[in-house]
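Everything on this sheet refers to the single structure shown next.
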């Protein structure tokens, strides 16, 4: 006769409510683990998806995903000339916040090196890759933009031609892909008045030098758009991405490029490590610690619940002892109830989580390993939390049944 | 130790507290119950009857003295000479004033549990439990939980549980208090029948003077001391 099941069936409503409570608590523990995993996944996802062997970034910086990095746009050609480099492409990455249909929208802009990169590697769930080098945009679903929708960024209007899934930046913002020239245009978009003021300032500075009075054409040149001025450097990229040719050593190629004084080279693993140890490290550790704390709290609450359930049964336990039930039967009853509470609570946590987690603003990733780990933790918690109740039950004298 | 006796107590003494707060609940209480004998224990409240019964029932060990069951020394003072829990399960049946049923088991399961704890299979235990409930007139309430039974019905289920394992010792404390006179007498006669048929020793603490003729021997207890009754005369 399963005494644990009999007791539960007799107090079904109470046990059900208790289990739902434990389940919700475990769902939070599960969710914290999922958020933790989501942060790591989001941080490294872009690096993995882009798949570059080497990242050439501004000297002594950790790369554009971790901090601001500026390299000249002609660096892509210098890198391409290095022996062992199969392809080199420009990389532009920055985050903007705009208003779209009355709502604020944060977008991580990723520049694709047109025409070598049209975004075919992106995880498209609808639409297509880029077909022209301007005014087309591939957006992540989390940005809530629709296929064919038009959005104004800077002075231009872009059409959403493709939708991706789970292309999220380490900050949790959805990624939108345009060509590098469009990405730069969006990044360095300046209001018309600012342009006029800048040209005027240039002219004023030029007038202070004698050479402009001797050669007035120079003064006229200075008022042209900056893109038409040879002495002014062209727009800058965030990084250059390198694919190493088969049969060549990536470290050798990296060493060659790193010997230049103006850049630093990171491997793909370096980039991942820098991100995890840098920008997301504190969030990762905070959530990790919070998860541990929640697990301990769940254990304490389960122990108290089981202790209270045992206290309510003390008379029955004394009766069982009176009719000769061995301690193993009584301990088994409490342990089985603890395990039922834990297993059912875990099931409720999983079922609720499957429905609720997709509604969270940041990704909550439940991996098989994490779920298995939590299941083991719940089993251990169930056993440990039953010990308090068992300890109390074993101290009950059969005499108490007739007191 | 005489093997003819189902129960033998030798100078049982129970002292609660110590020093100024010391209370002697039972003083050198000795009793012998033969196999098949039904004994009544009479006495006013607070005389030590329940203390004696719980000592014999291996629930509340005495401070000194010995309890011998079926010729085997089980308690020597407060010291157990065997696994008391197992011994109770195999050899003893208890009935108390309050029915003391397990609230989350139905009537049948309350009887069944005593049998299953003693190693009976579920089907055998269930069949035996139903037979006992039928014999005691509560088979139709087998699926009811204790809270759905009247006091008398609860008590009959408790009696069925006590008899389930055909114990060699039955200890009952006011077992008929919640029963009408007819059922009360029926229970007492049942004890006598079990005692005579199975060779069990039965001690019944009772105030019910109407059924004293059922008992083979009557003892009285006062101020913790047991002596054979002078007032009541066993019927024969």
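The values are calculated or read from the model by the stated rules, or taken from the named source; none is laboratory data. Note that the coordinates shown come from a computational prediction; the quantities given were computed from them, not determined experimentally. Cβ: placed from backbone, ideal geometry, glycine included. Neighbour counts: every protein chain shown.
Of all residues in the stretch A:311-352, those satisfying the criterion of being assigned to a helix (DSSP H, G or I), crowded, with 18+ Cβ neighbours inside 10 Å and within 13 Å of chain B (Cβ to nearest Cβ) are A:316, A:317, A:318, A:319, A:320, A:321, A:322, A:329, A:330, A:333, A:337. Those strands (runs of 3 or more DSSP E) of the stretch B:31-107 in which 2 or more residues are away from chain A (no Cβ under 13 Å) occupy B:38-42, B:64-69, B:72-76.
Selection of the stretch A:74-90 for residues being part of a loop (DSSP other than H, G, I, E, B) and either in contact with a helix residue (DSSP H, G or I) (Cβ under 8 Å, 6 or more places away or on another chain) or buried (at least 18 other Cβ atoms within 10 Å of the Cβ) (or both) yields A:82, A:83, A:84. Scanning the stretch B:116-145 for residues that are modelled with pLDDT under 90 and closer than 16 Å to residue A:322 by Cβ returns B:117, B:118.
Please enumerate the residues belonging to the stretch B:110-123 that are touching a helix residue (DSSP H, G or I) at 6+ places or on another chain (Cβ under 7 Å) and part of a helix (DSSP H, G or I). The answer is B:110, B:111, B:112, B:114, B:115, B:116, B:117, B:122. Any residue that is within 14 Å of chain B (Cβ to nearest Cβ) and over 22 Å from residue A:165 (Cα atoms) - is there at least one of those in the stretch A:69-88? Among the residues of the stretch A:69-88, not one is within 14 Å of chain B (Cβ to nearest Cβ) and over 22 Å from residue A:165 (Cα atoms), which makes the answer no. Scanning the stretch A:48-63 for residues that are closer than 16 Å to residue A:237 by Cβ and at pLDDT below 85 gives A:50, A:63. Of the residues making up the stretch B:1-24, just one is surrounded by fewer than 22 Cβ atoms within 10 Å (Cβ to Cβ) and closer than 17 Å to residue B:171 by Cβ, namely B:5. Taken over the stretch A:1-23, the criterion of being crowded, with 20+ Cβ neighbours inside 10 Å and within 14 Å of another protein chain (Cβ to nearest Cβ) is satisfied by A:3, A:7, A:8. Of all residue pairs spaced 6 or more apart or on separate chains, those with beta-carbon atoms under 9 Å, a first member in the stretch B:133-145 that is away from chain A (no Cβ under 14 Å) and a second member that is crowded, with 17+ Cβ neighbours inside 10 Å and assigned to a loop (DSSP other than H, G, I, E, B) are B:133/B:142; B:134/B:142; B:138/B:149; B:141/B:106; B:141/B:149; B:142/B:106.
Of the listed requirements (1) outside any helix (DSSP H, G or I); (2) within 29 Å of residue B:116 (Cβ to Cβ), residue B:227 misses just one: (2). Does the stretch A:389-402 contain at least one residue that is within 12 Å of chain B (Cβ to nearest Cβ), surrounded by 18 or more Cβ atoms within 10 Å (Cβ to Cβ), assigned to a helix (DSSP H, G or I) and in contact with a helix residue (DSSP H, G or I) (Cβ under 9 Å, 6 or more places away or on another chain)? For the stretch A:389-402, residues within 12 Å of chain B (Cβ to nearest Cβ), surrounded by 18 or more Cβ atoms within 10 Å (Cβ to Cβ), assigned to a helix (DSSP H, G or I) and in contact with a helix residue (DSSP H, G or I) (Cβ under 9 Å, 6 or more places away or on another chain): present. Comparison of A:26, A:45 shows that the only residue that is away from chain B (no Cβ under 14 Å), at pLDDT 90 or above and part of a helix (DSSP H, G or I) is A:26.
Residues of the stretch A:253-279 that are more than 15 Å from residue A:170 (Cβ to Cβ) and loosely packed, with under 14 Cβ neighbours inside 10 Å: A:255, A:259, A:261, A:262, A:269.
Residues are listed down the side, and each one gets a yes or a no for (1) in a strand (DSSP E or B); (2) surrounded by 14 or more Cβ atoms within 10 Å (Cβ to Cβ); (3) modelled with pLDDT of 90 or more:
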| position | (1), (2), (3) |
| --- | --- |
| A:98 | yes, yes, no |
| A:106 | yes, yes, yes |
| A:116 | no, no, no |
| A:121 | no, no, no |
| A:142 | no, yes, no |
| A:148 | no, no, yes |
| A:157 | yes, no, yes |
| A:163 | yes, yes, yes |
| A:170 | no, yes, no |
